[in-house]
1. Given (1) out of contact with any Pro (no Cβ under 9 Å at 6 or more places or on another chain); (2) in a helix (DSSP H, G or I), identify the lone condition not met by G154.
2. Please enumerate the residues belonging to region 11-54 that are assigned to a helix (DSSP H, G or I) and touching a Cys at 6+ places or on another chain (Cβ under 8 Å).
3. What number goes with the only condition from (1) part of a helix (DSSP H, G or I); (2) touching a helix residue (DSSP H, G or I) at 6+ places or on another chain (Cβ under 9 Å); (3) touching a residue at least 40 places away in the same chain (Cβ under 8 Å); (4) under 15 Å from N31 (Cα atoms) that A95 does not pass?
4. For region 114-137, state whether one or more residues are under 16 Å from the mean Cα position of the chain (by Cα), of a type in the set (G, A, S) and over 17 Å from G27 (Cα atoms).
5. Looking only at region 55-62, decide whether some residue is surrounded by fewer than 19 Cβ atoms within 10 Å (Cβ to Cβ) and assigned to a helix (DSSP H, G or I).
6. Return the residues of region 106-134 that are closer than 19 Å to D78 by Cα and among the basic types (K, R); say none if nothing qualifies.
Amino acid sequence: MLLHICCGPCTIFPLKALRGDGFAVQGLFFNPNIHPYQEYRRRLDTLRAYAETESLEVRYDEEYPLEEFLAHVALRPDQRCRHCYESRLRKAANAAREEGCSLFTTTLLYGIYQKHDLVAEIGREIAKETGVEFHYRDFRTGWKEGVDLSKERGMYRQPYCGCIYSEKERYFGKKRR
């Protein structure tokens, strides 16, 4: 199975659950939405360190097509999450096919602040288009466990979803979803 990964802390519970279910898991880090670049690097470096301790093979797509992401969402910021999920899940499905994985999923299904139903809907749509099965699982049940373990390990924990819009919402005061 190929697991799209948004960050190290959000990988803890999904990886444990998937391995517990008997899946061989490979990771993919592709997150062009993360802003600013230093935040992107913190998340990338944290994942690298975690993946090493867990013997998790991760494909790091270190392209940083921020301009492309912003061009897609600037005129429709209300649709930014759809575009963000779609671009990352499409990349994951294509990478799964390239790697010979029959399934793909995402750590986005772990985040309690994500639009969970939208992630699942897009994953299923992309599965139909690509022929790679989307593995749906509600990883939010392990939210507290993952948070506690990431804190115990001293992992960098990001304070917002990733894009410039979510950063503004976090610090400008808009209520979280």
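1. Single failed check for G154: (2).
2. Pass one, region 11-54, residues assigned to a helix (DSSP H, G or I): 11-20, 37-53.
Across region 11-54, the qualifying residues are R43, T46, L47.
3. Of (1) part of a helix (DSSP H, G or I); (2) touching a helix residue (DSSP H, G or I) at 6+ places or on another chain (Cβ under 9 Å); (3) touching a residue at least 40 places away in the same chain (Cβ under 8 Å); (4) under 15 Å from N31 (Cα atoms), only one is false for A95: (2).
4. Looking through region 114-137, at least one residue is under 16 Å from the mean Cα position of the chain (by Cα), of a type in the set (G, A, S) and over 17 Å from G27 (Cα atoms).
5. no
6. Once the filter is applied, which keeps residues that are closer than 19 Å to D78 by Cα and among the basic types (K, R), region 106-134 yields only K115.
Computed from the coordinates by the stated procedures, all read-outs in this text should not be read as laboratory data. As the structure is a prediction and not an experimental result, all values here were calculated from the model. Cβ coordinates were reconstructed from backbone atoms using ideal geometry, including for glycine residues, and neighbour counts include every protein chain displayed.
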